[in-house]
Amino acid sequence: MRKKGFKDYLKAFLSEDEVSKLKSSLEIVGDIAILKIPEVLASKERIIGEAILKLNKNVKTVLKQESPVDGDFRVRGFKLVAGENKTETVYREHGCILKVDVSKAYFSPRLQFERLRIAKLVNVGEVVVNMFAGVGSFSIVIAKKSKPSKVYSIDINPIAIKYLKENIALNKVENIVIPILGDAKEVINSKLLNVADRVLMPLPAKAYEYLPEAIKTLKNFSGWIHYYDFTHAKKDENPKEKVAKKVEERLKSLGFPIKFSIQNSRIVRSVGPNWYQVVLDIWIKPKL
Ligand SMILES: C[S@@+](CC[C@H](N)C(=O)[O-])C[C@H]1O[C@@H](n2cnc3c(N)ncnc32)[C@H](O)[C@@H]1O
């Protein structure tokens, strides 16, 4: 699948100046290619789409991203520019199969490394709570690559849960991944208190607010929280330190009988000029 070099290839169909206006890179999910096309190239959409189809024989559909990830369900708006009119596809990574509808539930191939990184941290027999599971990308990779006993996987979007259920069956992890439709706060407070060895919070927009529930779902206030956030950082600022400081203050202010230490932090990806997605791996234990 060719993603790099697609702009060079487009020079056969567009002028150099037009190609330079295409700022974004190509995102490929299964047999769907996604890119942002600026308004000045609106009349060239079809040509660009057809060129991508020709360049990537495995691509069947080219979608233009029309709106950014937004709303509670974290979905994007798309317009078909070439190929089959569809938004559903099958994506494969790390030996896992993920059926997704890119317009109805969140999915990003860019988190591939992070999913495997987390899966490798999971110990045999662990109970994991994924508070914002989507179609199950983290949960399925964890279930297939490690040996957890359960991965409770919560999402508020009914369509994400529908795909999560399909992905559980496709990957034969029915005994491990448990889909739960609902708001993570309500689900944890009503049925997942004091159960987890590890908690995932892969929703930067809400992780800060939902930290109390992440602590409450841990077994005996003991275990790991993988906390995701977005932060702006100027050239002289360290994005990881900024997020760590914010989270340390919040954890201290919550009043739980816990000790904590941020054992690892990393920039997951950059999401715009001076904007970063950061993850903190936080170790929690009870204060004795
Ligand atoms: C950024 S996506 C991440 C999905 C998945 N972990 C992934 O990486 O593909 C965040 C998910 O959280 C869900 N969500 C938003 N608010 C929620 C809430 N209050 N409780 C549970 N899930 C929620 C959205 O529907 C979305 O699927």
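The values are calculated or read from the model by the stated rules, or taken from the named source; none is laboratory data. If you're wondering where the values come from, they're calculated on a predicted model, not measured in any experiment. Cβ atoms come from the backbone with ideal geometry, glycine included; neighbour counts cover every protein chain shown. To get the accessible areas, we keep the full protein, side chains included, count just its heavy atoms, and leave off ligands, DNA and RNA. Shrake-Rupley method; radii C 1.70, N 1.55, O 1.52, S 1.80 Å.
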At pLDDT 95 or above, of a type outside the set (S, T, N, Q) and under 24 Å from Leu164 (Cβ atoms): is that true of Leu254 in this structure?
no
Screening Gly77, Gly125, Gly71 for residues that are at pLDDT 95 or above, open to solvent by 10 Å² or more (accessible area, probe 1.4 Å) and at positive phi leaves only Gly125
Single condition Ala196 does not satisfy, out of (1) open to solvent by 50 Å² or more (accessible area, probe 1.4 Å); (2) away from the ligand (no atom under 14 Å from the Cβ):
(1)
Residues satisfying the stated conditions in region 89-112, i.e. open to solvent by less than 20 Å² (accessible area, probe 1.4 Å), more than 11 Å from the ligand (Cβ to nearest atom) and among the polar types (S, T, N, Q):
Thr89
Residues of region 43-53 satisfying the condition of being open to solvent by 50 Å² or more (accessible area, probe 1.4 Å) and acidic (Asp, Glu)
Glu50
Taking region 144-160 and keeping residues open to solvent by less than 10 Å² (accessible area, probe 1.4 Å), farther than 21 Å from Leu211 by Cβ and among the hydrophobic types (A, V, I, L, M, F, W, C) leaves Ala160
Lone unmet requirement of (1) assigned by TED's automatic domain parsing to the domain that holds Ala207; (2) crowded, with 17+ Cβ neighbours inside 10 Å; (3) polar (S, T, N, Q) for Asn56:
(1)
Going residue by residue through region 111-120, is there one that turns out to be among the aliphatic types (A, V, I, L, M) and more than 30 Å from Leu280 (Cβ to Cβ)?
no
Do we find that Ala51 is at pLDDT 90 or above and touching a Leu at 6+ places or on another chain (Cβ under 6 Å) in this structure?
yes
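Do you know which of the residues in region 199-219 that are open to solvent by less than 60 Å² (accessible area, probe 1.4 Å) and in a loop (DSSP other than H, G, I, E, B) is farthest from the ligand (Cβ to nearest atom)? Working first, answer last.
Taking region 199-219 first, the residues open to solvent by less than 60 Å² (accessible area, probe 1.4 Å) are 199-204, 206-207, 210-215, 217-218.
Pick out the ones that are also in a loop (DSSP other than H, G, I, E, B) and you get 202-204, 206-207, 210.
Working: Pro202: 4, Leu203: 4, Pro204: 7, Lys206: 6, Ala207: 10, Tyr210: 7 Å.
That would be Ala207.
Just to be sure before I move on: is Leu200 under 19 Å from Asp72 (Cα atoms), in contact with a Pro (Cβ under 8 Å, 6 or more places away or on another chain) and in contact (Cβ under 8 Å) with a residue 24 or more places away in the chain in the structure I sent?
Values: under 19 Å from Asp72 (Cα atoms): yes; in contact with a Pro (Cβ under 8 Å, 6 or more places away or on another chain): no; in contact (Cβ under 8 Å) with a residue 24 or more places away in the chain: yes.
In short, no.
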